[in-house]
Amino acid sequence: MENKPQAQSNTKNLVSIPRGKGLDPFIMDKLAEQVRKVVGAAKRKIELTLQGFHLPAPDPALLAPHRSRLDDLEEYEGKVARHPECGIYATTLRRELDALKKHVDDVHAKWTKATGKTLTDLHIEARQDRLRALSKEFAKDPQLEVGIGYVALRTCDERMEFKASYAYYKHPRQRFPWDVAMGTLCKLKAASTPGISRTVVQYMHDAMKVADHNRRR
């Protein structure tokens, strides 16, 4: 049996049927006109409210690791002419930074695909599993050439901070940096805030909660 095409709901090309002579305007036409007036007034009000509104600039504390490493690279490359030995470190640093940036870009491409329109249709556990897998992949460091490890960025923390900062630098208005590097970004912000900051494990955090005995039950 041949499947018939489904009816289209597009009514743009339909001609309005005129009302008969002597009849009052169709009630739905009057309601539609009132709705258009209300929507138009609300839209103008919103536009006036948003005039001059600017999104806040990206947080410099979260951009700092990325900016700092680029400054280091520029400094060492600038010294090569007078100090050739600096060329080895500059080449090594550039190779490691390029590898980490490519890794972030690759994970972002997967994040874009994984968080498309179908993400909200998934069960909450499936969504969490998908984002958790991306976060784990982001945290892993890309492999360099065989037999070569990281020299300029020796510690995992240094590399993770650079990746998180670079992700925030590239996509400051997206959820991507927070989906894959929330903990690192929070640590960077806390460390930049005046005063003492500490990272607390979950069981200690729970033990330090103050019970609200005055809360109504």
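Values in this text are rule-based calculations from the coordinates and carry no lab data. Quick caveat: nothing in here was measured; it's all calculated off a predicted structure. Reconstructed Cβ throughout: ideal geometry from the backbone, glycine too, with neighbour counts over all protein chains shown.
When the chain is treated as a Gaussian network with alpha carbon springs shorter than 10 Å, the biggest mean-square fluctuation among Pro58, Pro142, Pro25 belongs to Pro25. Taking amide hydrogens as placed 1.01 Å from N in the peptide plane, the amide H of Phe26 sits under 5 Å from that of no residue at least 5 positions away in sequence or on another chain. Partner lysines whose Cα lies under 19 Å from the Cα of Lys189, excluding those fewer than 8 positions away in the same chain, are identified as Lys163, Lys170.
When the Cα positions of Ala152, Thr120, Ser165 are compared along the charge dipole of the chain, Thr120 comes out farthest toward the positive end, with charges on each C-beta of Lys, Arg, Asp and Glu. Given R0 = 45 Å, the distance between the Cβ atoms of Leu122 and Val151 translates into a calculated FRET efficiency of 0.60.
Between Gln143, Ala57, Ser68, the Cα set farthest toward the positive side of the dipole of the chain (charges on each charged residue's Cβ, about the Cα centre) is that of Ala57.
If the elastic network links every pair of Cα atoms under 10 Å, which of Glu47, Glu158, Glu77 fluctuates the most in the Gaussian network model of the chain? Comparing Glu47, Glu158, Glu77 in a Gaussian network model of the chain, the most mobile one is Glu47.
Count neighbours as other Cβ atoms within 10 Å of each site's Cβ, and list the chymotrypsin sites (Phe, Trp or Tyr not before Pro) in the range 33-140 that are DSSP loop with at most 12 such neighbours. Within the range 33-140, the qualifying chymotrypsin sites (Phe, Trp or Tyr not before Pro) (loop, at most 12 other Cβ atoms within 10 Å) are Phe53.
Charge dipole of the chain (Cα centre as origin; +1 on each Lys and Arg Cβ, -1 on each Asp and Glu Cβ, all else neutral): 1220 debye, rounded to the nearest 20.
Which aspartates and glutamates, on any chain, are close to Lys187 with Cα under 18 Å apart, when same-chain ones fewer than 8 places away are left out? List returned: Asp59, Asp157, Glu158, Glu161, Asp179. When the convex hull of its Cα atoms is viewed from all sides, the range 60-194 shows a mean projected area of 9.9 nm². Karplus-derived 3J(HN,Hα) values for the range 69-74, using 6.51 cos²θ - 1.76 cosθ + 1.60 with θ = phi - 60°, are 5, 5, 5, 4, 4, 4 Hz; glycine and proline are entered as x.
The helix-based estimate of mean residue ellipticity at 222 nm for the chain, built from -39,500 (n - 2.57) per DSSP H run of four or more residues and divided by its residue count, is -20000 deg cm²/dmol to the nearest 500. Which residue fluctuates the most in the chain, going by a Gaussian network model with Cα springs under 10 Å, if the choices are Arg44, Arg19, Arg159? Comparing Arg44, Arg19, Arg159 in a Gaussian network model of the chain, the most mobile one is Arg19.
Candidate cross-link partners of Lys37 among the lysines, defined by an alpha-carbon separation under 30 Å and a same-chain spacing of 8 or more, comprise Lys12, Lys21, Lys45.
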